[in-house]
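Input: one structure, supplied below.
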């Protein structure tokens, strides 16, 4: 895992649905550069976080094959957002062995990111 326990820490995994509650580490060095005085979570880090949480959910490694649709709807500032929910709304195995995934990164009342991704299972 690249970002787990660095950018984010898993606080809980829900038993009744494929969802995680995570805490953002506002002291992580990326925020010093992106952007000084007004830090925001880079989009690539959000995609990587979703991939790493999918690996936890599945209990195996996955590799991003295609990002069909990634919508950044609101900025994730570590100064304003301490905890996030990452919810996998769809995980659909495909005939070619890939896995289509839809996920949302949310706050208490805000959807920050919606993602439609395809992964290969390794």
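Looking only at segment 88-119, how many residues end up being under 13 Å from residue 50 (Cβ atoms) and surrounded by 17 or more Cβ atoms within 10 Å (Cβ to Cβ)?
So the answer is 13.
So which residues in segment 37-71 are surrounded by fewer than 13 Cβ atoms within 10 Å (Cβ to Cβ), touching a residue at least 24 places away in the same chain (Cβ under 8 Å) and more than 20 Å from residue 89 (Cα to Cα)?
Passing the criteria: only 38.
Just to be sure I understand the filter: pairs with C-beta atoms under 8 Å, separated by 6 or more residues or on different chains, first member in segment 76-103 and without any contact (Cβ under 8 Å) to a residue 40 or more places away in the chain, second member exposed (fewer than 15 other Cβ atoms within 10 Å of the Cβ) and not in a strand (DSSP E or B). Which pairs pass?
Correct list of pairs: 77/38; 100/94.
Of the numbered conditions (1) farther than 16 Å from residue 114 by Cα; (2) in contact with a strand residue (DSSP E or B) (Cβ under 8 Å, 6 or more places away or on another chain), residue 74 fails exactly one; give the number of that condition.
(1)
Could you please find all residues in segment 6-30 being part of a loop (DSSP other than H, G, I, E, B), closer than 20 Å to residue 80 by Cα and in contact with a strand residue (DSSP E or B) (Cβ under 9 Å, 6 or more places away or on another chain)?
Matches in segment 6-30: 7, 25, 28.
Within segment 4-25, restricting attention to residues that are buried (at least 19 other Cβ atoms within 10 Å of the Cβ) and touching a helix residue (DSSP H, G or I) at 6+ places or on another chain (Cβ under 7 Å), which residue is farthest from residue 78 (Cα to Cα)?
20
Name the residue, out of 86, 56, 44, that is modelled with pLDDT of 95 or more, outside any loop (DSSP other than H, G, I, E, B) and within 12 Å of residue 112 (Cβ to Cβ).
86
Here's the yes/no breakdown for (1) at pLDDT 95 or above; (2) closer than 28 Å to residue 39 by Cβ:
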position	(1), (2)
92	yes, no
102	yes, yes
105	yes, yes
108	no, yes
111	yes, yes
114	yes, yes
117	yes, yes
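Check off (1) surrounded by 13 or more Cβ atoms within 10 Å (Cβ to Cβ); (2) modelled with pLDDT of 95 or more for residue 34 and give me the number that stays unchecked.
Condition (2) is where residue 34 drops out.
Looking only at segment 101-122, filter to residues that are over 19 Å from residue 20 (Cβ atoms) and part of a strand (DSSP E or B); which one of those is nearest to the chain's Cα centre (by Cα)?
It comes out as 118.
The values are calculated or read from the model by the stated rules, or taken from the named source; none is laboratory data. Computed from a prediction, not measured in an experiment: that's the story for all the values here. Don't worry about glycine lacking a Cβ; one is built from the backbone with ideal geometry, like all the others, and counts go over all protein chains shown.
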